[in-house]
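Undergrad: Please read through the structure below; I'll follow up with questions.
The values are calculated or read from the model by the stated rules, or taken from the named source; none is laboratory data. As the structure is a computational prediction, the values presented were derived from the model and not from experiment. A quick note on method: Cβ atoms are made from the backbone with ideal geometry, for glycine too, and the neighbour counts reach across all protein chains shown. Heavy atoms of the whole protein, side chains included, go into the accessibility calculation; ligands, DNA and RNA do not. Shrake-Rupley method; radii C 1.70, N 1.55, O 1.52, S 1.80 Å.
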Amino acid sequence: MIYIDYFKLPSQEIINNYYSQKNYSVYPWTIFFENCFEWINCKDITIFYGNNGSGKSTVLNLIAEKIGVKRNNELFKDVIYTKFGEIHPFDDFVNTIFMQLSFDDNGENISMPKNIELITSDDIFKKINNRLNHNIKALMEIEETRKRQKEIINKGYTFHNMNDYDDLVKLVEARKLSKKKYAEIHASKKEKMLSNGETALDIYSKAFVEGGIYFLDEPENCLSPLFQIELIKLIQEAVKYYNCQFFICTHSPLILSLSNSVIYNLDLEPVISQKWEELENVKIYYDFFQSKSDKFKK
């Protein structure tokens, strides 16, 4: 489902005017000073490809900010303080971007879906780390709970008045329940620990819901080639069956092979769209495996 038809980034004239007015060479404007990247014609899956430092994550963040994407982490925006006032280059750039929604069969603009989310590799790592920290804390609570159960049993019970009734209840419970059951009631529960790749794939599978726009920043991080192929299946199913649209930045030859996609090569000046087989990273892998082809012969 194509909700957004195209984005128009600032022209070279607008970029030059910004420099002349601000007298500062500032990010993210510097990314687009020479690559002449102006039009992003979107498909079901729009991919931004390039090597490190090419600006693919920057483009993803800019257009995500344009449509007010929900973020799991705060976006860093540099602020420059001058004698003439503050300069907010990121917000200034976003304000120059034009976005055109697609049209329905009646010629009306399609409404933006409610589910719009950006998922970065940092988000994935953070959730993995949070799950690990939770389980460490849970293990400590379980150990403390078991000690407390033992202390209650060893202390026993002496009745003086009704104020001691609560102690009796605690003793009965401590004696009645096994260590495992007692800990389940009085301590935090451990979450099932998966590998980093399994956790990442689980996060993606739960994130993609009906009628959503998703921005994925280098989703191949944490994922083995096998899991990257599983992610490809999830994305293609979300497009086909759940009316989703994706914007992805990646340099993974596997993720780049997604069908129904347009790939913008930010390593080129000017930036143009290319086919999967024309990309440098794909050619590098192809040449490497070709050089090792004798290893695959039976």
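Undergrad: In straight Cα distance, which aspartates and glutamates are under 17 Å from K70, not counting same-chain residues fewer than 8 positions off?
TA: Reachable aspartates and glutamates: D91, E117, D122, D123, E210, D217.
Undergrad: Highest mean first, what order results for 104-113, 287-296 on Cβ atoms within 10 Å? Let's see the in-between values first.
TA: Working: 104-113: 10.2, 287-296: 8.4.
Sorting 104-113, 287-296 by mean packing, highest first, produces 104-113, 287-296.
Undergrad: In debye, nearest 20, what is the charge dipole magnitude of the chain about its Cα centre with +1 on Lys and Arg Cβ and -1 on Asp and Glu Cβ, if you could check? Before the final figure, lay out each step's value.
TA: Numbers: 37 positive and 42 negative charges, 390 e Å.
Roughly 1880 debye for the chain.
Undergrad: Among all the aspartates and glutamates, which ones have a C-alpha under 12 Å from K170's C-alpha, if same-chain residues fewer than 8 places away are not counted?
TA: Reachable aspartates and glutamates: E151.
Undergrad: Counting only other residues whose beta carbon sits under 14 Å from that of P89, what net charge do I get with K and R as +1, D and E as -1? Intermediate results must be reported in sequence, preceding the final value.
TA: Working: positive: K22, K77; negative: E65, D78, E86, D91, D92.
Here the charged neighbours net out to -3.
Undergrad: Now, a different point. Would you list E141, E151, E280 from the most to the least accessible area, probe 1.4 Å? Walk me through the numbers on the way to the answer.
TA: Numbers: E141 55, E151 120, E280 95 Å².
If we order E141, E151, E280 from most to least accessible, we get E151, E280, E141.
Undergrad: Turning to a different aspect of this structure: I need the peptides 41-53, 174-186 ranked by packing, meaning the mean over residues of other C-beta atoms within 10 angstrom, with the highest value on top. Don't jump to the answer; show the numbers that get you there.
TA: On the way: 41-53: 19.3, 174-186: 13.8.
Sorting 41-53, 174-186 by mean packing, highest first, produces 41-53, 174-186.
Undergrad: Among 248-258, 218-228, what's the highest-first ranking by average C-beta atoms within 10 angstrom per residue? The partial results should precede the final answer.
TA: Working: 248-258: 21.5, 218-228: 18.4.
Ranking the peptides 248-258, 218-228 by packing returns 248-258, 218-228.
Undergrad: Keeping the other protein chains in place, figure out the carbon and sulfur percent of the accessible area of the chain, with a 1.4 Å probe. Numbers along the way, then the final one.
TA: Values: 9010 of 17580 Å².
Of all accessible area on the chain, carbon and sulfur atoms account for 51 percent.
Undergrad: Subtracting the Cα-Cα distance from 0.36 nm times the residue separation, let me have the gained length for T96 to K292 in nm, one decimal.
TA: Values: separation 196, 0.36 × 196 = 70.56 nm, distance 4.86 nm.
Gain on extension, T96 to K292, equals 65.7 nm.
Undergrad: Taking amide H atoms as placed 1.01 Å from N in the peptide plane, list the residues 5 or more away in sequence, or in a different chain, whose amide H sits under 5 Å from that of I110.
TA: Amide H to amide H, under 5 Å and 5 or more residues apart or across chains, I110 pairs with S102, F103, D104.
Undergrad: Which listed residue (I63, I124, Y49) has the Cα farthest towards the positive end of the charge dipole for the chain, taking +1 on Lys and Arg C-beta and -1 on Asp and Glu C-beta about the Cα centre?
TA: I124
Undergrad: Kindly identify the stretch 223-268 as rounded, prolate or oblate by the Cα gyration tensor criterion: order the square roots of the eigenvalues as a ≥ b ≥ c, call it rounded if a/c is under 1.5, otherwise compare a/b with b/c, prolate if a/b is larger, else oblate.
TA: Numbers: a/c = 2.58, a/b = 1.22, b/c = 2.12.
The shape class here is oblate.
Undergrad: What residue among K170, K77, K240 has the largest mean-square fluctuation in a Gaussian network model of the chain, using Cα springs under 10 Å?
TA: K170
Undergrad: Which three extents, in whole angstrom, do the alpha-carbon atoms of the stretch 1-119 cover along their principal axes, largest first?
TA: So the extents along the principal axes, rounded to whole Å, are 51, 32, 31.
Undergrad: List every residue whose amide H lies under 5 Å from the amide H of F215, counting only residues 5 or more places away in sequence or on a different chain, with H placed 1.01 Å from N in the peptide plane.
TA: E117, L118, I119, F247
Undergrad: Can you classify the stretch 148-298 as rounded, prolate or oblate using the Cα gyration tensor, where a ≥ b ≥ c are the square roots of its eigenvalues, rounded means a/c under 1.5, and otherwise it's prolate if a/b beats b/c and oblate if not?
TA: Working: a/c = 4.73, a/b = 2.89, b/c = 1.64.
Taking the square roots of the gyration eigenvalues as a ≥ b ≥ c, the stretch 148-298 is prolate.
Undergrad: In addition: Which of K240/K295; K66/K240; K114/K189; K150/K190 have a Cα-Cα distance over 29 Å?
TA: Long pairs (Cα-Cα over 29 Å): K240/K295; K114/K189.
Undergrad: Does the chain come out rounded, prolate or oblate, given a ≥ b ≥ c as the square roots of the eigenvalues of its C-alpha gyration tensor, rounded meaning a/c under 1.5 and, failing that, prolate meaning a/b above b/c?
TA: Details: a/c = 2.54, a/b = 1.88, b/c = 1.35.
In terms of gyration-tensor shape, prolate.
Undergrad: Still on this structure: Given only helices, namely DSSP H runs of n ≥ 4 each adding -39500 (n - 2.57), what is the per-residue ellipticity at 222 nm of the chain, to the nearest 500 deg cm²/dmol?
TA: When only DSSP H runs of four or more count, the value is -14000 deg cm²/dmol.
Undergrad: Could you sort Y264, Y165 by accessible area so the largest value comes first, with the probe set to 1.4 Å?
TA: On the way: Y264 15, Y165 115 Å².
Sorted descending by solvent-accessible area, the residues read Y165, Y264.
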